[in-house]
Number of protein chains: 2
Amino acid sequence: MKSKKENQKLHLIDTDIHERVLYEDLIMYLDNPWKKYITDCNWMQEKHMPYVQPAIAGVDRADARVPDGRPAGTDLEFMSKQLLEPCGHEIGILTGALDPSPSSMHGWYEMATALASAYNDWQIENWLEKDKRLYGSVHIAAGDPVAAVREIDRVGSHPKMIQVLLPIDDIMWGDPYYHPIYEAAQRHDLMIGMHHNEPPIYFGKWPRYFIEWHTLIPTAHMMQVTNMVFNGVFEKYPRLKLMMIEGGFTHVPHLMRKMDQQYKDLRHEVPWIKRMPSDIIKEHIRFTTQPLEELTKKEFLQLIDQMGTDELICFSTDYPHWDYDSPFEALPPNLDESLQRKLFSENARAFYPKLPQIRKEDA
Amino acid sequence: MKSKKENQKLHLIDTDIHERVLYEDLIMYLDNPWKKYITDCNWMQEKHMPYVQPAIAGVDRADARVPDGRPAGTDLEFMSKQLLEPCGHEIGILTGALDPSPSSMHGWYEMATALASAYNDWQIENWLEKDKRLYGSVHIAAGDPVAAVREIDRVGSHPKMIQVLLPIDDIMWGDPYYHPIYEAAQRHDLMIGMHHNEPPIYFGKWPRYFIEWHTLIPTAHMMQVTNMVFNGVFEKYPRLKLMMIEGGFTHVPHLMRKMDQQYKDLRHEVPWIKRMPSDIIKEHIRFTTQPLEELTKKEFLQLIDQMGTDELICFSTDYPHWDYDSPFEALPPNLDESLQRKLFSENARAFYPKLPQIRKEDA
């Protein structure tokens with residue numbers, strides 16, 4: 001073998017060397033608007049899609065950053081002062097933000113299970129047992145249903161755990177593979193909470209723009225509702241209920257109609273479904289409000305009329321994200337007192353059996 | 001090497017031999033309802049998903065089979081007697097049923113292009129030039145846009161070709177890759193017709209039941225509309241229009257609202273879009289009625305009210321498929337004469353510039 005010195009005489013042509021750029025170094029070479037997506041919009045270099053949140057603090061409200069510099073949503077005291085007290089929350093349900101969701105890790109289920117378990121312990125210790133108003137979500141790694149059931153049995157009987165959280169990405173949750181999770185949830189009077197995740201189930205690949213991704217979130221929710229209902233999950237677990245979180249509800253009248261029409265035509269294929277799908281939805285599924293489109297009172301009531309009931313909608317803020325809905329602004333003004341009462345609290349209270357069933361002021 | 005005879009002494013154990021079953025041979029081993037899906041419902045063995053159409057003639061109306069035994073939709077004279085004459089069609093637009101669509105062949109674009117081209121010639125010779133009432137769709141293999149443009153230029157100026165057909169499967173048609181197709185379509189005053197295809201774009205994989213697949217067709221349509229609008233296709237080709245075929249329209253009010261809301265929040269990402277998405281939809285996109293859910297007159301008018309215009313909906317039958325909508329039964333009874341006129345003909349007439357622009361009775 002030749003020495004280093006001798007190698008230098010080879011006039012080496014190396015045809016693959018990775019020099020590396022940081023996006024901050026590209027700023028001076030970029031024109032606007034492209035430049036400002038990096039300087040102002042927290043463009044996420046590590047994401048594998050073009051992807052930008054429109055707010056200066058990325059996915060979060062800029063004013064939700066904890067004063068000591070920690071990210072939004074990390075501090076109970078600050079959240080209480082910014083959200084729970086001024087809005088008059090009697091109850092707040094923690095959805096959690098563990099990224100990626102342990103159920104979205106498509107391999108290494110053991111690590112995912114450990115992360116979920118740690119998250120649940122942390123949530124109980126730092127949030128649920130520190131504030132009477134807060135209730136929580138059991139996180140699991142659903143890819144290993146046996147381990148997931150073990151985790152539900154471990155923390156699901158905690159009095160402040162009220163739902164099991166499943167992410168909406170590329171898994172169809174009605175599949176029998178996941179049914180043991182629903183059996184365990186039902187055993188502990190836990191509901192299922194579903195919240196979309198990345199990558200999106202729709203498209204099967206990234207859409208080209210964030211605005212497409214964000215516009216089409218309801219389609220992912222429609223798929224899960226359709227899949228859960230026609231797979232017979234609610235026939236098999238009659239006390240189980242499903243909360244569809246952050247999909248809004250303006251797609252629901254269409255979905256109920258379409259499912260009923262298809263059931264009339266095609267019910268022979270799913271003979272275990274004994275009722276109209278819209279009746280199954282009315283009994284078993286609820287939809288959170290955020291992100292609510294701007295609706296007039298007339299438009300809002302028209303949607304309720306089309307759903308045939310005012311009991312399917314539950315208020316949510318999505319705090320601390322940039323598209324947060326304030327309880328003072330999200331709903332159309334001048335809704336009847338009794339309807340407001342249902343939307344802001346009683347529909348959710350009726351849905352989660354483990355929540356206090358009497359209003360604080362009535363107690 | 002040993003001779004055959006000597007091999008026989010090896011007491012050979014062959015560990016892979018494929019004996020083959022035909023589903024008809026399994027019937028005697030099956031119980032109902034599973035048995036009847038094969039005997040009565042035209043279960044398609046060659047499909048790679050569990051997949052059954054509910055009708056005894058599979059995807060077709062049983063009574064649409066040509067008396068000489070050929071499949072439904074193959075004979076102009078029979079179609080005329082069964083559909084065009086009794087329903088009083090002034091105009092019928094042929095969508096075509098070339099399975100798979102040449103644009104859905106994900107390879108061998110040369111063969112796909114040749115098939116599309118042959119189909120167009122066959123359609124012109126056997127349908128468009130034989131019946132004054134019929135107008136046609138240019139089929140292309142969109143995977144090779146250069147060849148697709150060549151085909152559009154070849155047959156697109158035929159006076160009875162009025163749209164270019166694109167299937168909805170796993171391609172997002174707003175992508176710039178396909179824009180030369182829109183330029184060519186606009187050049188020939190052709191609109192784009194989009195019709196769902198298999199496999200579905202939603203899920204990214206087969207759903208577990210046909211009823212899910214069929215219920216969620218509108219979600220695939222929502223994705224394409226969102227994608228076409230936000231990719232700026234209609235800003236780039238201002239005379240281009242898009243007909244969404246066989247997705248119904250009851251999802252459209254939700255979609256318009258959601259797109260507008262998202263545009264308000266996220267328009268910085270797509271600065272080439274200068275108007276509210278709902279305004280772009282109103283100018284450029286129409287939706288065919290079939291398969292129409294059962295709606296009362298009040299419900300139907302509520303949806304039109306929510307869309308803000310009665311000009312987006314065009315009647316369609318989907319003949320000869322089992323879920324065909326009859327013009328005498330599909331729409332709610334007692335709609336105003338002027339609205340019926342729009343839905344049954346004038347909205348489509350205004351949409352396709354190459355259709356006769358004066359009603360036959362008014363001519």
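Pull out all pairs, ordered by first then second residue, where Cβ-Cβ is under 9 Å, the residues are six or more apart or on different chains, the first lies in segment A:260-274 and is within 7 Å of chain B (Cβ to nearest Cβ), and the second is modelled with pLDDT under 95 and loosely packed, with under 14 Cβ neighbours inside 10 Å.
Hits for this filter: A:Gln261/B:Glu294; A:His268/B:Pro33; A:Glu269/B:Pro33; A:Pro271/B:Pro33.
Can you find, within segment B:81-115, the residue that is modelled with the highest pLDDT among those that are in contact with a strand residue (DSSP E or B) (Cβ under 9 Å, 6 or more places away or on another chain) and of a type in the set (Ser, Thr, Tyr)?
B:Thr95
Looking at segment B:137-158, which of the residues that are part of a helix (DSSP H, G or I) and acidic (Asp, Glu) is nearest to B:Leu115 (Cα to Cα)?
So in segment B:137-158, the residues part of a helix (DSSP H, G or I) come out as B:145-155.
Checking which are acidic (Asp, Glu) leaves us with B:151, B:153.
On the way: B:Glu151: 11, B:Asp153: 16 Å.
Among those that are part of a helix (DSSP H, G or I) and acidic (Asp, Glu), it is B:Glu151.
Restricting attention to segment B:306-315, report how many residues are farther than 27 Å from B:Ser80 by Cα, touching a strand residue (DSSP E or B) at 6+ places or on another chain (Cβ under 9 Å) and away from every other protein chain (no Cβ under 14 Å). So that I can check it myself, show each step before the final result.
In the first step, residues of segment B:306-315 are kept if they are farther than 27 Å from B:Ser80 by Cα; the result is B:306-312.
Filter again for touching a strand residue (DSSP E or B) at 6+ places or on another chain (Cβ under 9 Å), leaving B:307, B:311-312.
Now restrict to residues that are away from every other protein chain (no Cβ under 14 Å): B:311-312.
Going through segment B:306-315 one residue at a time, the tally reaches 2.
One residue is enough: does segment B:312-327 have a residue meeting the conditions more than 20 Å from B:Gln53 (Cβ to Cβ), within 18 Å of the chain's Cα centre (by Cα) and not in a loop (DSSP other than H, G, I, E, B)?
Taking segment B:312-327 as the starting set, the residues that turn out to be more than 20 Å from B:Gln53 (Cβ to Cβ) are B:312-315, B:327.
If we keep only those that are within 18 Å of the chain's Cα centre (by Cα) too, we end up with B:312-315.
This time we only want the ones that are not in a loop (DSSP other than H, G, I, E, B), so: B:313-314.
Checked against the condition, which is being more than 20 Å from B:Gln53 (Cβ to Cβ), within 18 Å of the chain's Cα centre (by Cα) and not in a loop (DSSP other than H, G, I, E, B), segment B:312-327 yields at least one hit.
Read through the list (1) surrounded by fewer than 24 Cβ atoms within 10 Å (Cβ to Cβ); (2) over 18 Å from the mean Cα position of the chain (by Cα), then give the number of the only condition that B:Val229 fails.
(1) is the only condition that B:Val229 fails.
Within segment A:16-23, is there a residue that is loosely packed, with under 13 Cβ neighbours inside 10 Å, β-branched (Val, Ile, Thr) and either modelled with pLDDT of 95 or more or more than 30 Å from A:Asp144 (Cβ to Cβ) (or both)?
Initially, segment A:16-23 is screened for residues loosely packed, with under 13 Cβ neighbours inside 10 Å, giving A:16-22.
From the residues that got through so far, the ones that are β-branched (Val, Ile, Thr) too are A:17, A:21.
Going one step further and asking which of them are either modelled with pLDDT of 95 or more or more than 30 Å from A:Asp144 (Cβ to Cβ) (or both), we end up with A:17, A:21.
Yes: one or more hits.
Does any residue of segment A:316-332 turn out to be within 14 Å of chain B (Cβ to nearest Cβ), touching an Asp or Glu at 6+ places or on another chain (Cβ under 9 Å) and among the β-branched types (Val, Ile, Thr)?
Within segment A:316-332, not a single residue is within 14 Å of chain B (Cβ to nearest Cβ), touching an Asp or Glu at 6+ places or on another chain (Cβ under 9 Å) and among the β-branched types (Val, Ile, Thr).
Name the single residue, out of those in segment B:71-115 being of a type in the set (A, V, I, L, M, F, W, C), in contact with a helix residue (DSSP H, G or I) (Cβ under 8 Å, 6 or more places away or on another chain) and in a loop (DSSP other than H, G, I, E, B), that is surrounded by the most Cβ atoms within 10 Å (Cβ to Cβ).
In this case the residue turns out to be B:Ala72.
Which of (1) of a type outside the set (Lys, Arg); (2) buried (at least 23 other Cβ atoms within 10 Å of the Cβ); (3) under 22 Å from B:Met194 (Cα atoms) is the odd one out, the single condition B:Gln262 does not satisfy?
(3)
Could you give me the residue pairs with C-beta distances under 7 Å whose first residue belongs to segment A:219-246 and is more than 10 Å from every other protein chain (Cβ to nearest Cβ) and touching a residue at least 24 places away in the same chain (Cβ under 8 Å), whose second residue is among the hydroxyl-bearing types (Ser, Thr, Tyr) and part of a helix (DSSP H, G or I) wherever it lies, and which are 6+ apart or on separate chains?
Close Cβ pairs satisfying both conditions: A:Val233/A:Tyr182; A:Tyr237/A:Tyr182; A:Leu240/A:Tyr182.
Could you check, for segment B:154-165, whether at least one of its residues is within 14 Å of chain A (Cβ to nearest Cβ) and touching an Asp or Glu at 6+ places or on another chain (Cβ under 8 Å)? Before the answer, list the steps.
If we filter segment B:154-165 for residues that are within 14 Å of chain A (Cβ to nearest Cβ), which is where we start, we get none.
No; the residues of segment B:154-165 include none that is within 14 Å of chain A (Cβ to nearest Cβ) and touching an Asp or Glu at 6+ places or on another chain (Cβ under 8 Å).
Quick test of your reading of the structure: A:Ala147 fulfils all but one of (1) under 30 Å from B:Val270 (Cα atoms); (2) in contact with a Ser or Thr (Cβ under 7 Å, 6 or more places away or on another chain); (3) aliphatic (A, V, I, L, M). Name the failing condition by number.
It fails just one condition, (1).
Got a number for residues in segment B:343-360 being more than 22 Å from the chain's Cα centre (by Cα) and over 23 Å from B:Gln82 (Cβ atoms)? First the steps, then the outcome.
The initial filter retains those residues of segment B:343-360 that are more than 22 Å from the chain's Cα centre (by Cα), namely B:356-360.
Filter once more, so that each one left must be over 23 Å from B:Gln82 (Cβ atoms): B:356-359.
Number of matching residues: 4.
On the given criteria, is A:Glu299 surrounded by fewer than 18 Cβ atoms within 10 Å (Cβ to Cβ), of a type outside the set (Lys, Arg), free of Cβ contacts under 8 Å to residues at least 60 places away in the same chain and under 30 Å from B:Glu294 (Cα atoms)? Write out each step before concluding.
Numbers: surrounded by fewer than 18 Cβ atoms within 10 Å (Cβ to Cβ): yes; of a type outside the set (Lys, Arg): yes; free of Cβ contacts under 8 Å to residues at least 60 places away in the same chain: yes; under 30 Å from B:Glu294 (Cα atoms): yes.
Yes: the conditions hold for A:Glu299.
Take A:Ala118 and decide whether it is among the hydrophobic types (A, V, I, L, M, F, W, C), at the interface with chain B (Cβ under 10 Å from one of its Cβ atoms) and either touching a residue at least 60 places away in the same chain (Cβ under 8 Å) or part of a helix (DSSP H, G or I) (or both).
Numbers: among the hydrophobic types (A, V, I, L, M, F, W, C): yes; at the interface with chain B (Cβ under 10 Å from one of its Cβ atoms): no; either touching a residue at least 60 places away in the same chain (Cβ under 8 Å) or part of a helix (DSSP H, G or I) (or both): yes.
The answer is no for A:Ala118.
Please go through segment B:324-363 and pick out each residue that is aromatic (Phe, Trp, Tyr) and loosely packed, with under 11 Cβ neighbours inside 10 Å.
If the condition is that a residue be aromatic (Phe, Trp, Tyr) and loosely packed, with under 11 Cβ neighbours inside 10 Å, then B:Phe328 is the only one that fits.
Kindly indicate whether any position in segment A:185-202 is within 13 Å of chain B (Cβ to nearest Cβ), farther than 23 Å from B:Met256 by Cα and out of contact with any His (no Cβ under 7 Å at 6 or more places or on another chain).
Filtering segment A:185-202 down to residues within 13 Å of chain B (Cβ to nearest Cβ) leaves A:199-202.
Next cut, farther than 23 Å from B:Met256 by Cα only: A:199.
Adding the requirement that they be out of contact with any His (no Cβ under 7 Å at 6 or more places or on another chain) leaves A:199.
Scanning segment A:185-202, I find at least one residue that is within 13 Å of chain B (Cβ to nearest Cβ), farther than 23 Å from B:Met256 by Cα and out of contact with any His (no Cβ under 7 Å at 6 or more places or on another chain), so the answer is yes.
Would you point out which residue out of B:Pro176, B:Pro167, B:Pro145, B:Pro200 is surrounded by 15 or more Cβ atoms within 10 Å (Cβ to Cβ), more than 27 Å from B:Pro356 (Cβ to Cβ) and at pLDDT 95 or above?
Numbers: B:Pro176 fails: surrounded by 15 or more Cβ atoms within 10 Å (Cβ to Cβ); B:Pro167 fails: at pLDDT 95 or above; B:Pro200 fails: at pLDDT 95 or above.
That would be B:Pro145, the only listed residue that is surrounded by 15 or more Cβ atoms within 10 Å (Cβ to Cβ), more than 27 Å from B:Pro356 (Cβ to Cβ) and at pLDDT 95 or above.
If you check every pair at least six apart or on different chains, which have Cβ atoms under 9 Å apart with a residue in segment A:69-84 that is over 19 Å from A:Asp325 (Cα atoms) and aliphatic (A, V, I, L, M) first and a residue that is surrounded by 15 or more Cβ atoms within 10 Å (Cβ to Cβ) and modelled with pLDDT of 95 or more second?
Final answer for the pair search is A:Leu76/A:Trp127; A:Leu76/A:Asp131; A:Leu76/A:Leu134.
Any residue at all in segment B:256-274 that is of a type in the set (Asp, Glu) and over 22 Å from A:Thr215 (Cα atoms)? Working first, answer last.
Filtering segment B:256-274 for residues of a type in the set (Asp, Glu) gives B:260, B:265, B:269.
Now narrow it down to the ones that are over 22 Å from A:Thr215 (Cα atoms): none.
Looking through segment B:256-274, none of the residues is of a type in the set (Asp, Glu) and over 22 Å from A:Thr215 (Cα atoms).
Here's a check for you: in segment B:259-287, which residue that is polar (S, T, N, Q) and under 28 Å from the mean Cα position of the chain (by Cα) is farthest from A:Gly58 (Cα to Cα)? Write out each step before concluding.
Taking segment B:259-287 and keeping what is polar (S, T, N, Q), we get B:261-262, B:278.
Then keep just the ones that are under 28 Å from the mean Cα position of the chain (by Cα); that gives B:262, B:278.
Numbers: B:Gln262: 16, B:Ser278: 27 Å.
Taking the candidates together, the pick is B:Ser278.
The values are calculated or read from the model by the stated rules, or taken from the named source; none is laboratory data. Predicted, not measured: the structure shown is a model, and the values here were computed from it. No Cβ is skipped: glycine too gets one built from the backbone with ideal geometry, and neighbour counts run over all protein chains shown.
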